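Colleague: One structure coming up, written as structure tokens, with questions to follow.
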Protein chains: 2
Amino acid sequence: MFEGPVQRLIDELSRLPGIGAKSAQRLAFHLLSVEEADAHRLAVAITDMRDQIKTCGRCFNVAAEEFCSICRDQRRDVSIVCVVERPQDIIVLERTQEYRGRYHVLGGSLSPINGIGPGQLRFGELMDRLEPERIEEVIVATNPTIEGDATAMYIAREFKPQGVKVTRLASGLPVGGDLDYADELTLGRALIGRSEL
Amino acid sequence: MFEGPVQRLIDELSRLPGIGAKSAQRLAFHLLSVEEADAHRLAVAITDMRDQIKTCGRCFNVAAEEFCSICRDQRRDVSIVCVVERPQDIIVLERTQEYRGRYHVLGGSLSPINGIGPGQLRFGELMDRLEPERIEEVIVATNPTIEGDATAMYIAREFKPQGVKVTRLASGLPVGGDLDYADELTLGRALIGRSEL
């Protein structure tokens, strides 16, 4: 056991995902050896984030104000909404610079085995956005997993009758990947989704 | 780029050793999803550690008071001192429950290539402890590396003329290890240090 305050920090760090006892110890001693101001900045950054970050009132992305920066952006195409599982998925999509619509964070994907049914996800909130934003297309960008696929199917079934187009991100070979390393499922999807040249 | 406060925390987390951009992002979103109190406890633990932890006035271990818990412990054998490179090495030695003396944290090991000479390490402070604590043996527990060995040699050369016994932790095969996996240097040390049965 280390001196109390050191051990308490090691304990807290160990609770973080992917940080084991050894890493926590290494991080604690690192924070003990750096400049006081550097350690302080990390502590403040944690507190500030929790104090300042809210959930966007429209799309449930993280937001520093009532609405997130994407929802506040007047240049976005409001007729398209991209449905993602978690806020961090938005950044990945934004980096592609291929998408100019808005988002909707579901908060997960349908997973009956984990007790996550439609009532636990933000489908109703998405439904409520259709009319005021005059949404014409819902792009489902849930993960290409069984749960993500089931969620996409559910959205198609619920939203197509409302007259909106429901699309799904393509599954297939990763760009720059090697055919040799592709698993059968991915390769199967790539075959089904093949396009004419 | 994430909303300001999220990005600032990601930036701070990325500065930690062994935490890349992806891990920092994952940790930040984890801290956003946990209970407010959990995130707050981590921030407080960092600040508290920096506020409360000092360096032991005798052995330079981490200490919550003027002297560390080991130096304050009246049952320790003060005639033996174990020299380590860093405070975290003390814990590893304490876990063996084989050692009942005190410690001395050098602050590193001799490494001319990195500009660390005797002047950068706490040799003088160790010398000053010899008389008041009536130290009879100095156990050198620096790492079994070139730098650690050089440091051990230096200590032997400087301290033996003072009439103290200088010893070094044995190098050899790790207990439970496989001879097959031992590198030649370790095996060579194991041979040199062999003991009669």
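The values are calculated or read from the model by the stated rules, or taken from the named source; none is laboratory data. Quick caveat, the model's predicted, so the values are computed rather than measured. All Cβ positions, glycine included, derive from the backbone under ideal geometry; neighbour counts span all protein chains shown. The area values use the complete protein model at the heavy-atom level, side chains included, leaving out ligands, DNA and RNA. Shrake-Rupley method; radii C 1.70, N 1.55, O 1.52, S 1.80 Å.
Colleague: Looking at the protein assembly as shown, what % of the alpha carbon pairs are farther apart than 34 Å?
Modeller: Numbers: 39347 of 77421 pairs.
The answer is 51 percent, as a whole percent.
Colleague: State the percentage of accessible surface on the range B:4-52 attributable to carbon and sulfur atoms; use a 1.4 Å probe and exclude ligands, DNA and RNA. Walk me through the intermediate numbers first.
Modeller: Numbers: 1120 of 2210 Å².
Carbon and sulfur: 51 percent of the exposed surface of the range B:4-52.
Colleague: Whole angstrom only: what separates the Cα centroid of the range A:143-197 from the Cα centroid of the range A:19-68?
Modeller: Computed from Cα coordinates, the inter-centre distance equals 35 Å.
Colleague: Another question about this same structure. Over chain A, average the accessible area per residue using a 1.4 Å probe and give it in Å², no decimals.
Modeller: Counting only protein heavy atoms, the per-residue value for chain A is 58 Å².
Colleague: Please give the helix A:36-52 orientation as an angle from the longest Cα principal axis of chain A, in degrees from 0 to 90, rounded to the nearest 10.
Modeller: That works out to roughly 40 degrees.
Colleague: How much solvent-accessible surface does B:Lys165 expose, in Å² to the nearest 10, with a 1.4 Å probe and all protein chains in place?
Modeller: For B:Lys165, the solvent-accessible surface is approximately 120 Å².
Colleague: Would you kindly derive the ³J(HN,Hα) couplings of the range B:99-107 from the backbone phi angles with the Karplus curve 6.51 cos²θ - 1.76 cosθ + 1.60 (θ = phi - 60°), listing them in order in whole Hz, with x for Gly and Pro?
Modeller: 10, 10, x, 9, 10, 8, 8, 6, x
Colleague: Which percent of the Cα-Cα distances in the range A:1-64 go past 18 Å?
Modeller: That fraction is 51 percent.
Colleague: If the label for A:Arg157 sits 7 angstrom from Cα along the Cα-to-Cβ line, what are its distances to the same label in every other copy, in nm to one decimal, shortest first?
Modeller: In ascending order, 8.0 nm.
Colleague: Another question about this same structure. Look at the axis of the rotation that sends chain A onto chain B, then give the chain A residue with the nearest Cβ and the distance in whole Å.
Modeller: Here the nearest residue and distance are A:Ala43, 2.
Colleague: Leaving out same-chain residues fewer than 8 places away, which aspartates and glutamates sit with a Cα under 12 Å from that of A:Lys22?
Modeller: Correct list for A:Lys22: A:Asp11.
Colleague: Is it possible to state the helix-based mean residue ellipticity at 222 nm for chain B, with each DSSP H run of 4+ residues giving -39500 (n - 2.57), the sum divided by total residues, to the nearest 500 deg cm²/dmol? What is it?
Modeller: Helix-only estimate at 222 nm: -13000 deg cm²/dmol.
Colleague: Shifting gears a bit: Put a label point 7 Å from Cα along the Cβ direction on B:Glu184, then list its distances to the equivalent points in the other copies in nm, shortest first.
Modeller: Its label point is 4.7 nm from the equivalent points in the other copies.
Colleague: A further question follows. Ignoring ligands, DNA and RNA, how much accessible area is buried between chains B and A, both sides summed, with a 1.4 Å probe, to the nearest 100 Å²?
Modeller: Interface area, both chains combined: 4600 Å², rounded to the nearest 100.
Colleague: Whose amide H sits under 5 Å from the amide H of A:Cys82, counting only residues 5 or more places off or on another chain, with H placed in the peptide plane?
Modeller: A:Arg102, A:Tyr103, A:His104, A:Ile139
Colleague: Name the long-range amide H neighbours of A:Arg168: under 5 Å, sequence gap of 5 or more, or other chain; modelled H, no Pro or chain starts.
Modeller: Sorted by chain and number, the residues that satisfy this are A:Val140.
Colleague: Moving on to the next point. Among the chymotrypsin sites (Phe, Trp or Tyr not before Pro) in the range B:61-164, which ones are in a DSSP loop with at most 11 other Cβ atoms within 10 Å of the Cβ? Mind listing them?
Modeller: Working: sites: B:Phe67, B:Tyr99, B:Tyr103, B:Phe123, B:Tyr154, B:Phe159; in loops: B:Phe67, B:Tyr99.
Qualifying residues, ordered by number: none.
Colleague: Taking each label point as 7 Å beyond Cα in the direction of the beta carbon, state the distances from A:Gly4 to the same residue in the other copies, shortest first, in nm.
Modeller: Nearest to farthest, the other copies are at 3.7 nm.
Colleague: Karplus couplings for the range B:64-81 from phi (6.51 cos²θ - 1.76 cosθ + 1.60, θ = phi - 60°), rounded to Hz, Gly and Pro as x?
Modeller: Running phi through 6.51 cos²θ - 1.76 cosθ + 1.60 with θ = phi - 60° gives 8, 10, 4, 10, 6, 4, 6, 5, 7, 6, 5, 7, 6, 7, 7, 7, 10, 10 Hz.
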